[in-house]
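Down below is the structure, laid out as structure tokens.
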Amino acid sequence: MNLYDRVDKLRELMEERSIDAYIIPTSDPHMSEYLADYYKTREYISGFTGSAGIAVVTKDKAGLWTDGRYFVQAEQELKNSPFKLCRMFEDIDFQDFLVEEVHEFGKVAIDGKVLSLELYDAISKKLNTRLLITDVDFISEIWEDRPELPKSETWIFDEKYTGQSTKDKLNVLREMMKSRDVEYTFIGALEDIAYLTNLRADDIYATPVFFSYAVIGLDTAVLFIDENKLDIEVKEYLKENNIDVYTYDAIFDYMKNIKGTNTVYLDPRRTNVLVYQSLNKNVKIKRGHNLTTLMKALKNETEIENEKKAFHKDAIALTKFFNWVETGVKSGNIDEVFAAKKLLEYRQQQDNFIEVSFQTISAYGPNAAMPHYDPEKVIPATLKPKGLYLVDSGAQFLEGTTDITRTVALGELTDEEKTDYTLTLKAHIAGMTAKFKKGNTGAFIDAIVRNPLYREGKDFNHGTGHGVGFLLGVHEGPMSISRKDGGLPLQEGMVFSIEPGLYIEGSHGIRIENIVYVKKSEEKDFLELETLLYLPIDTRPVKSFMLEKWEKDWINAYNKESYERLSKDLDGYDLEYLEKITKEI
């Protein structure tokens, strides 16, 4: 079926149950950011392939809501579909759209298994007298060639990398539970379960997790998982850690059997409605960030030291890669996809490489104006010896998860490109050198980074930074370096990105990203940032007169340190390239 046929079939099913509107979110039962192919229902019904968005189908309209990262991409992908692009924070909100399109006592439906409790509450409140139905999964009924659920096996992640045993993590978690007067905590977030159990797998592309739920009591621990994912060694490991194993779907009965005298802690952002509705009505509920999310956000010394090793490996791979690009670009034989595949080869040469941490963004010229551009979904551009080339990529190593963005000059640049590059660098330096008081949140860093751009009337339409997991998700909470940071104070051990950018549609895009961790400052009650990554930042596009002396000192010192660290592992033409790219300004 083509997209129009799919929507027609969906409307037939809606009519059979007198449904006025059907919502298809970008989600799975665990509210994961990236989805296994089985759960790409929004992509199936709309044709939009971005990683964020919500589709809504009514009797005579179809809309697709997504954020600023994907406006250009969505416009292109929705041209030959029945869906109209609705820009989040610019056009009508999808919930207001439902209120306008569905009559006062109409019915709105969604698959409750892929609907978070937080979003369920928000939609229910907005719909008022309209009925929100959560026991329907229409996409499963029309998706004839749907991919199978992943079946990867789990493996034990050695404590020499994690720095903390599962038993110790369970002890910490239970102390947190006691301090909050709760008997049970439900965990639906796959990254949190992998973190707590020190297990990893391959159920989601670029994220080494496994489909499961977990419920931790003060003296019990249960993992709900397909037992085919567990070999004898892992089963014995779980037994040694006093973790019982139940089937994946047994979660609903287990929640139903928790006695009403108990209190259950859960994260409404990462708990699906059907799990929540399984609870006895007398059970008390406490809501907040998953306790395990708060735990894993604070990296221990072992994790930090391992991450430095992972970023060093990636810096070696990327230095070799950019040398290869700049050497070969004059041939006219390198396009964006070919380049991304070559970068993967350089990463694969590094010890303990597992996989990429997300789909590589390899974007030349105007394509870089799309922050989440994917060259494999279009006709890739051929790189030329002029303009800017942006590469945002990362890897999963046993030593940790990486995420790096560099924008390099491939030749002659316009005056505007140089100005925008220099402003982006100033914004990046502002973030990297930020010092702040304990209690400050991510919005403070965000404002510092945007200030050099604001002074010139410029801005970027995404957050300044995101948390990074440890051999887990490349995007991790609960902290957020953005205007909407959730109010969580930054603490020692938090790891996140600093990645300002400027994007000029039809012309160019620039982003510079380093990953940092929070550490104590010499001044009492102050914190500062330390980089995990030393990879040269291209200064050839810089208008040096736009930089203040302290900014020049910072970039020169950073590139000098990058040279000293990387030169030990490079030789020949790669070493010559490193020398060239780290020259002082």
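The values are calculated or read from the model by the stated rules, or taken from the named source; none is laboratory data. The structure presented is a predicted model; accordingly, all values stated were derived computationally and were not measured. So basically every Cβ, Gly included, is an ideal-geometry build from the backbone, and we count neighbours across all protein chains shown. Side chains included, ligands, DNA and RNA excluded: accessible areas come from the protein's heavy atoms. Shrake-Rupley method; radii C 1.70, N 1.55, O 1.52, S 1.80 Å.
When you scan the range 536-554, do you find a residue that is over 20 Å from the mean Cα position of the chain (by Cα), within 24 Å of A368 (Cα to Cα) and of a type in the set (S, T, Y), even just one?
yes
So E548 passes all but one of these: (1) among the acidic types (D, E); (2) within 24 Å of F496 (Cα to Cα); (3) open to solvent by 50 Å² or more (accessible area, probe 1.4 Å). Which condition number does it fail?
Failed condition: (2).
Looking at (1) at pLDDT 95 or above; (2) over 30 Å from Q348 (Cβ atoms); (3) in a loop (DSSP other than H, G, I, E, B), find the lone condition where N333 falls short.
It is condition (2) that N333 fails.
In the range 407-417, what residues are in contact with a helix residue (DSSP H, G or I) (Cβ under 9 Å, 6 or more places away or on another chain) and surrounded by fewer than 24 Cβ atoms within 10 Å (Cβ to Cβ)?
Result: V408, A409, L410, G411, L413.
Anything in the range 421-435 that is in contact with an Asp or Glu (Cβ under 9 Å, 6 or more places away or on another chain), in contact (Cβ under 8 Å) with a residue 40 or more places away in the chain and buried (at least 18 other Cβ atoms within 10 Å of the Cβ)? List them, or say none. Steps first, please.
Going residue by residue through the range 421-435, those that are in contact with an Asp or Glu (Cβ under 9 Å, 6 or more places away or on another chain) are 421, 423, 425-426, 428-431, 433-435.
From what is left, the residues that are in contact (Cβ under 8 Å) with a residue 40 or more places away in the chain are 421, 423, 425-426, 428-429, 431, 433-435.
Matches in the range 421-435: Y421, L423, L425, K426, H428, I429, G431, A434.
How many residues does the range 102-126 contain that are open to solvent by less than 60 Å² (accessible area, probe 1.4 Å) and closer than 20 Å to E15 by Cβ?
6
Can you tell me which residues in the range 494-506 are open to solvent by less than 10 Å² (accessible area, probe 1.4 Å) and either among the hydrophobic types (A, V, I, L, M, F, W, C) or at positive phi (or both)? Step through it out loud before you land on a result.
So in the range 494-506, the residues open to solvent by less than 10 Å² (accessible area, probe 1.4 Å) come out as 494-498, 500-502.
Within the range 494-506, M494, V495, F496, I498, L502 qualify.
I need the full set of residues from the range 189-218 which are of a type outside the set (G, A, S), part of a helix (DSSP H, G or I) and under 16 Å from E153 (Cβ atoms), in order please.
Of everything in the range 189-218, those that are of a type outside the set (G, A, S), part of a helix (DSSP H, G or I) and under 16 Å from E153 (Cβ atoms) turn out to be L190, I193, T197.
For the condition surrounded by 17 or more Cβ atoms within 10 Å (Cβ to Cβ), in contact with a strand residue (DSSP E or B) (Cβ under 7 Å, 6 or more places away or on another chain) and free of Cβ contacts under 8 Å to residues at least 60 places away in the same chain, what is the one hit in I216, I187, I258? First the steps, then the outcome.
Working: I187 fails: free of Cβ contacts under 8 Å to residues at least 60 places away in the same chain; I258 fails: free of Cβ contacts under 8 Å to residues at least 60 places away in the same chain.
Unique residue meeting the criteria: I216.
Need pairs with beta-carbon distance below 6 Å; first residue closer than 17 Å to K151 by Cα and within the range 224-238, second assigned to a helix (DSSP H, G or I); sequence gap 6+ or separate chains.
Hits for this filter: F224/Y248; F224/A250; F224/I251; I225/Y248; D226/Y248.
State all residues of the range 373-428 that are outside any loop (DSSP other than H, G, I, E, B), closer than 23 Å to T531 by Cα and among the polar types (S, T, N, Q); if no residue qualifies, say none.
Selection gives S393, Q396, T401, T405, T407, T422, T424.
Among the listed residues D226, D267, D253, identify the single one that is among the charged types (D, E, K, R), over 20 Å from S152 (Cα atoms) and either touching a helix residue (DSSP H, G or I) at 6+ places or on another chain (Cβ under 8 Å) or surrounded by 14 or more Cβ atoms within 10 Å (Cβ to Cβ) (or both).
So the residue among D226, D267, D253 that is among the charged types (D, E, K, R), over 20 Å from S152 (Cα atoms) and either touching a helix residue (DSSP H, G or I) at 6+ places or on another chain (Cβ under 8 Å) or surrounded by 14 or more Cβ atoms within 10 Å (Cβ to Cβ) (or both) is D267.
Can you pull out the residues in the range 437-471 that are open to solvent by 10 Å² or more (accessible area, probe 1.4 Å), of a type in the set (S, T, Y) and under 20 Å from E551 (Cα atoms)?
Y454
Provide a single number: the residues in the range 71-87 that are under 20 Å from I504 (Cα atoms) and either polar (S, T, N, Q) or not in a helix (DSSP H, G or I) (or both).
Looking only at that region, the number is 3.
Assess whether I316 counts as being part of a helix (DSSP H, G or I), touching a strand residue (DSSP E or B) at 6+ places or on another chain (Cβ under 7 Å) and surrounded by fewer than 23 Cβ atoms within 10 Å (Cβ to Cβ).
Against the criterion (part of a helix (DSSP H, G or I), touching a strand residue (DSSP E or B) at 6+ places or on another chain (Cβ under 7 Å) and surrounded by fewer than 23 Cβ atoms within 10 Å (Cβ to Cβ)), I316 does not qualify.
Taking the range 478-493, which residues are open to solvent by 30 Å² or more (accessible area, probe 1.4 Å) and closer than 21 Å to H372 by Cβ?
The answer is S480, R483, K484.
Any residue that is out of contact with any Pro (no Cβ under 6 Å at 6 or more places or on another chain), of a type in the set (A, V, I, L, M) and in a helix (DSSP H, G or I) - is there at least one of those in the range 453-469?
Looking for residues that are out of contact with any Pro (no Cβ under 6 Å at 6 or more places or on another chain), of a type in the set (A, V, I, L, M) and in a helix (DSSP H, G or I), one finds at least one in the range 453-469, hence yes.
Please go through (1) assigned to a helix (DSSP H, G or I); (2) open to solvent by less than 30 Å² (accessible area, probe 1.4 Å); (3) in contact with a helix residue (DSSP H, G or I) (Cβ under 6 Å, 6 or more places away or on another chain); (4) within 30 Å of P150 (Cβ to Cβ) for Q95 and return the number of the only condition it doesn't satisfy.
For Q95, the exception is condition (4).
Could you tell me how many of the residues in the range 152-184 are open to solvent by 80 Å² or more (accessible area, probe 1.4 Å) and in contact with an Asp or Glu (Cβ under 7 Å, 6 or more places away or on another chain)?
1
Which of the residues belonging to the range 527-575 are within 21 Å of F321 (Cβ to Cβ), free of Cβ contacts under 8 Å to residues at least 24 places away in the same chain and in contact with a helix residue (DSSP H, G or I) (Cβ under 9 Å, 6 or more places away or on another chain)?
The answer is S567, L575.
Specify which of the listed residues (R540, R511) is crowded, with 21+ Cβ neighbours inside 10 Å and charged (D, E, K, R). Step through it out loud before you land on a result.
Numbers: R540 fails: crowded, with 21+ Cβ neighbours inside 10 Å.
Matching residue, one of R540, R511: R511.
Restricting the search to the range 130-149, which residues are open to solvent by 60 Å² or more (accessible area, probe 1.4 Å) and of a type outside the set (A, V, I, L, M, F, W, C)?
D135, E141, E144, D145, E148
Exactly one of (1) open to solvent by less than 60 Å² (accessible area, probe 1.4 Å); (2) under 28 Å from P380 (Cβ atoms); (3) more than 28 Å from the chain's Cα centre (by Cα) is unmet by D20. Its number?
Here D20 clears every test but (2).
For the range 35-70, name all the residues that are open to solvent by less than 20 Å² (accessible area, probe 1.4 Å), more than 20 Å from V108 (Cα to Cα) and in a loop (DSSP other than H, G, I, E, B).
Passing the criteria: A36, F48, G50.
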